[in-house]
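The values are calculated or read from the model by the stated rules, or taken from the named source; none is laboratory data. Please read all numbers here as calculations on a predicted model, not as lab measurements. Positions of Cβ are backbone-derived with ideal geometry, glycine not excepted, and every protein chain shown enters the neighbour counts.
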């Protein structure tokens with residue numbers, strides 16, 4: 001159950017330093033056992049509809065994509081470059097006005113080159129999601145001859 | 001209101017669109033979403049490449065823009081689901097996108113969007129989505 005790996009925590013925390021993640025104020029909550037949890041606080045400039053004050057779905061898209069990457073880091077134990085192949089998002093309901101969003105992603109299967117990840121997003125209660133997602137990622141191989149280029 | 005007015009109102013309405021720095025242009029009934037490059041959009045500093053979520057958000061806004069022009073109401077159309085396919089890395093340059101309203105029903109619209117950078121024949125990403133049309 002427990003996975004107290006300080007190197008993994010450090011690797012996962014680096015995910016918040018990516019420019020887009022930093023611009024959106026992403027915070028790492030946890031990374032262990034092929035799961036990652038991240039939070040995006042509500043901010044006035046990230047609102048999608050000023051009439052309701054609900055955070056934009058694009059922010060949720062970024063958080064889902066980013067947290068899936070962190071779940072892969074939590075599964076492999078290292079930061080490997082990944083490229084998103086596809087990302088499917090279902091929006092159950094809008095987030096509450098002026099509420100931040102939290103995402104948990106689970107890398108439930110991995111081959112040598114592909115990672116499969118599911119994620120869900122919520123505002124107050126994990127059991128009452130605002131969105132669910134399913135994604136596939138390409139993993140860059142270990143650095144060596146003829147590898148490392150994303151195409 | 002003219003179509004241009006509806007588009008301007010759509011772009012001005014959401015703070016998130018300003019956060020992205022997105023604009024859009026109308027040429028007749030053809031709408032092109034435009035996302036100028038900015039450092040805060042980067043998701044991979046090594047390539048460098050645009051964040052997958054940025055591309056997804058830009059595609060989704062480009063899907064909603066023509067709906068705001070043709071199905072104008074004071075209320076906002078809501079995204080039901082989107083499937084985003086990533087075809088090439090989004091480089092540190094301006095990205096363009098164009099939406100195809102595949103079906104606009106009474107309550108639901110199905111929209112396909114494709115994004116490109118240097119050449120339209122080499123798309124970097126595509127989106128298919130369903131949107132719930134707001135009622136007046």
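Quick notes
- Qualifying position, being at the interface with chain A (Cβ under 10 Å from one of its Cβ atoms) and part of a loop (DSSP other than H, G, I, E, B), among B:89, B:123: B:89
- Filter pass, residue B:60 being modelled with pLDDT of 95 or more and in contact with a helix residue (DSSP H, G or I) (Cβ under 9 Å, 6 or more places away or on another chain): yes
- Only a single item in (1) out of contact with any strand residue (DSSP E or B) (no Cβ under 8 Å at 6 or more places or on another chain); (2) at negative phi; (3) at pLDDT below 95 is not met by residue B:28, and it is number (2).
- Screening residue A:111 against (1) crowded, with 18+ Cβ neighbours inside 10 Å; (2) more than 9 Å from chain B (Cβ to nearest Cβ) leaves a single unmet condition, (1).
- Residue list for the range A:28-44, filter: within 12 Å of chain B (Cβ to nearest Cβ) and either surrounded by 16 or more Cβ atoms within 10 Å (Cβ to Cβ) or farther than 15 Å from residue A:101 by Cα (or both): A:38, A:40, A:42, A:43
- Within the range B:31-49, the set of residues being within 8 Å of chain A (Cβ to nearest Cβ) and either surrounded by 20 or more Cβ atoms within 10 Å (Cβ to Cβ) or in a helix (DSSP H, G or I) (or both) comprises B:39, B:40, B:41, B:42, B:43, B:44, B:49.
- Verdict on residue B:28 being buried (at least 21 other Cβ atoms within 10 Å of the Cβ) and free of Cβ contacts under 8 Å to residues at least 24 places away in the same chain: no
- Candidates in the range B:92-120 are the residues that are part of a loop (DSSP other than H, G, I, E, B) and within 16 Å of the chain's Cα centre (by Cα); of these, the one that is surrounded by the most Cβ atoms within 10 Å (Cβ to Cβ) is B:117.
- Restricted to the range B:53-86, and to residues there that are assigned to a loop (DSSP other than H, G, I, E, B) and touching a strand residue (DSSP E or B) at 6+ places or on another chain (Cβ under 8 Å), the residue that is farthest from the other protein chains (Cβ to nearest Cβ) is B:71.
- Listed by first and then second residue, the pairs linking a residue in the range B:90-109 that is without any contact (Cβ under 8 Å) to a residue 24 or more places away in the chain to a residue that is in a strand (DSSP E or B) and surrounded by 15 or more Cβ atoms within 10 Å (Cβ to Cβ), with Cβ atoms under 6 Å apart and 6 or more places separating them unless they lie on different chains, are B:100/B:112; B:102/B:110; B:102/B:112; B:103/B:110.
- The range A:6-27 - residue that is touching a residue at least 24 places away in the same chain (Cβ under 8 Å) and more than 12 Å from chain B (Cβ to nearest Cβ) and, of those, surrounded by the fewest Cβ atoms within 10 Å (Cβ to Cβ): A:7
- Of the criteria (1) surrounded by 21 or more Cβ atoms within 10 Å (Cβ to Cβ); (2) over 17 Å from residue A:65 (Cβ atoms), which one residue B:84 fails: (2)
- Among the residues making up the range A:83-97, those that are more than 9 Å from chain B (Cβ to nearest Cβ) and touching a strand residue (DSSP E or B) at 6+ places or on another chain (Cβ under 8 Å) are A:92, A:95, A:96, A:97.
- Of A:100, A:58, A:53, all but one fail to be more than 11 Å from the chain's Cα centre (by Cα), surrounded by fewer than 24 Cβ atoms within 10 Å (Cβ to Cβ), closer than 28 Å to residue B:21 by Cα and within 12 Å of chain B (Cβ to nearest Cβ); the exception is A:53.
- Residue within the range B:3-16 that is closer than 19 Å to residue A:51 by Cβ, assigned to a strand (DSSP E or B), within 12 Å of chain A (Cβ to nearest Cβ) and touching a helix residue (DSSP H, G or I) at 6+ places or on another chain (Cβ under 7 Å) present: no
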